[in-house]
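Below is one structure, written out as structure tokens; the observations come after it.
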Amino acid sequence: FMVDKGNHRHFMEKEIYEQPEIISHALGHYIDFASHTVKSTDKAIDFSKLSGLAISACGTAYLAGLVGKYWFERYARLPVEIDVASEFRYRELPLSPTQAALFISQSGETADTLASLRYCKDEGLKIGAIVNVKESTIARESDAIFPILAGPEIGVASTKAFTCQLAVLASLSIAAGRARGTVSEADEKAMVKHLAEMPRIMSKVLNEIQPQIEALSRDLSRFKDVLYLGRGTSYPLAMEGALKLKEISYIHAEGYAAGELKHGPIALIDENMPVIVIAPHDRFFEKTVSNMQEVAARGGKIIFITDEKGAAASKLETMATITLPNVDEIIAPMIFSLPIQLLAYHTAVFMGTDVDQPRNLAKSVTVE
Ligand code: AGP
């Protein structure tokens, strides 16, 4: 069927702005808004008995998986082995049927992800697919299907599929935690309440930050290189921010774990390479701020993406500070995705690139 852009200039913009509604719909499949519990998911994977999880995917889907790793390990105490599918499939990773494997793919047709799936199947693992296209090959070859329900995603740069993948992974990690006795009934209620609030917070954030991000993007479009930093779940987000920027604005960007700064990339810091720091006021905040100080001390320009508490706590001078509302850590990755998507989008628009169809890229990579 036909999908149009509505009032938006690009599909990417439309897909960014439809996230509150789409996420709310997707969440409806995984959580019960009345009792604040996670609904029972596809029974083919029994999280209670697993010794570990393997996750494989490509690009943005891989980065969603990396956030999922932090959640499964923290909330469900389930060790996660994760790699990009093009490496995973050839690693000869020893696996056991006591583990399960999750494959994340918007299209469900990515060649390397499918090959990783078949490898795990041969090793006797139960297979779960986190997909947007339910009729896809990856979905068909899986034991359990966890749909992300994002609707058709047309822009080559993935936006709403990413946040929906995160919403599904958050729900599954809570479900796994309940099944394994590492998340209490009270914890589940509290976490699900936060998930349920997410659509409302997303629309508030999208409305509030747009003018500031648009103005900032004009400045950003003058630079050739950008460094993105984050810790904890903000680390995969930093890589996702860099990936988005590369894909559609063609600005060279790197996403790094903030703590790795002094192990190399700090040598690059000067006034010509802005450093975008993603730092909600979480348990890593102080550490990330000290990395920011290292950047500032070397004349680096900082774009600080934080929340109200974080903005109040930091005294550093920045090129820009984007202040989001204070939110619980379980929803922070989804909320903090919004400024990085908009930053890439508006920068690309200023540079006049083909936002929905960036050069050299295909929406779905069905060859190795
Ligand atoms: C994201 O913006 C990219 N276009 C790309 O990294 C994408 O996420 C990757 O190719 C995986 O695709 P899939 O989710 O359809 O498997």
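Bear in mind that the values in this text are calculations on the coordinates, not laboratory data. Quantities reported herein were computed from a predicted structural model and do not represent experimental measurements. For neighbour counting, all protein chains shown are included, and Cβ atoms are generated from backbone atoms with ideal geometry for every residue, glycine included.
Points to keep in mind about this one:
- Cα-based radius of gyration of the chain once divided by 2.2 N^0.38 Å, which approximates compact folds: 0.95
- 31 Å Cα-Cα threshold exceeded, pairs from LYS134/LYS193; LYS69/LYS121; LYS69/LYS134; LYS43/LYS287: LYS43/LYS287
- In the chain, helical runs assigned H by DSSP with n ≥ 4 each contribute -39500 (n - 2.57); averaged across all residues and rounded to the nearest 500, the mean residue ellipticity at 222 nm is -15000 deg cm²/dmol.
- For the chain, the membrane-span-like helices by this rule, meaning whole DSSP H stretches whose C-alpha atoms cover at least 27 Å of axis and whose Kyte-Doolittle mean is -0.5 or above, are 160-180, 185-220, 332-351; this says nothing about an actual membrane.
- Cα gyration tensor category, rounded, prolate or oblate, for segment 51-118 with a/c compared to 1.5: oblate
- Neighbour-count order for LEU63, LEU93, fewest beta carbons within 10 angstrom listed first: LEU93, LEU63
- With both residues required to sit in the chain, DSSP beta bridges show an antiparallel share near 5%.
- Coupling constants for segment 137-149 follow from the phi torsions by the Karplus curve (6.51 cos²θ - 1.76 cosθ + 1.60, θ = phi - 60°), and in residue order they are 4, 4, 5, 5, 8, 9, 7, 10, 10, 10, x, 8, 6 Hz; glycine and proline get x.
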